[in-house]
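Notes follow once the structure below has been shown.
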Amino acid sequence: MEENIIDDMEFADDDIVTLLSANGEEIDFVEIAGIAHQGNFYAILQPVELLEGMSEDEALVFKVSRDENGNDKFEIELDDDIIDAVFTEYNRLLDEAQNN
């Protein structure tokens, strides 16, 4: 898998979320936003290093829940309707913040 590094982005360490891929590889993501939707919480995350098949302006939606030890558990969201709703809410909140 070819990866490109995004050099021009600077982030605080507390904005970085490290997740394990299915094959055990650590992947760092920048947390763009947290969105509540239909009683669940979703995180919009953008990989620090580009992932294969993604452009640098793309982000992924993860459903966030708690495991039995109380730790955050991130599961990639695959339902297009939920993904669209999360991004719609994110854009609405951005517009609202810019208008205030």
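Tabulated values for the structure
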| quantity | calculated |
| --- | --- |
| Highest-fluctuation residue, 52, 31, 77 considered, GNM on the chain with Cα pairs under 10 Å | 52 |
| The chain: most fluctuating residue of 33, 43, 22 per GNM, C-alpha cutoff 10 Å | 22 |
| Structure-based [θ]222 nm, the chain - -39500 (n - 2.57) summed over DSSP H runs of at least 4, per residue, nearest 500 | -7000 deg cm²/dmol |
| Average accessible surface area per residue within the chain, 1.4 Å rolling probe, Å² | 71 Å² |
| Dipole of the chain [Lys/Arg +1, Asp/Glu -1 at C-beta], most positive-end residue of 71, 38, 85 | 38 |
| Options (i) 1.61; (ii) 0.97; (iii) 0.91 - which one matches Rg/Rh (Cα atoms, Kirkwood Rh) as calculated here | (ii) |
| Of all accessible heavy-atom area on the chain, the percent that carbon and sulfur account for (1.4 Å) | 43 percent |
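The values are calculated or read from the model by the stated rules, or taken from the named source; none is laboratory data. All of these numbers come straight from a predicted model, not from anything done at the bench. In this analysis, Cβ positions are derived from the backbone assuming ideal geometry, glycine residues included, and neighbour counts consider all displayed protein chains. Each accessible area value is taken on the protein alone, full model and side chains, heavy atoms only, with ligands, DNA and RNA left out. Shrake-Rupley method; radii C 1.70, N 1.55, O 1.52, S 1.80 Å.
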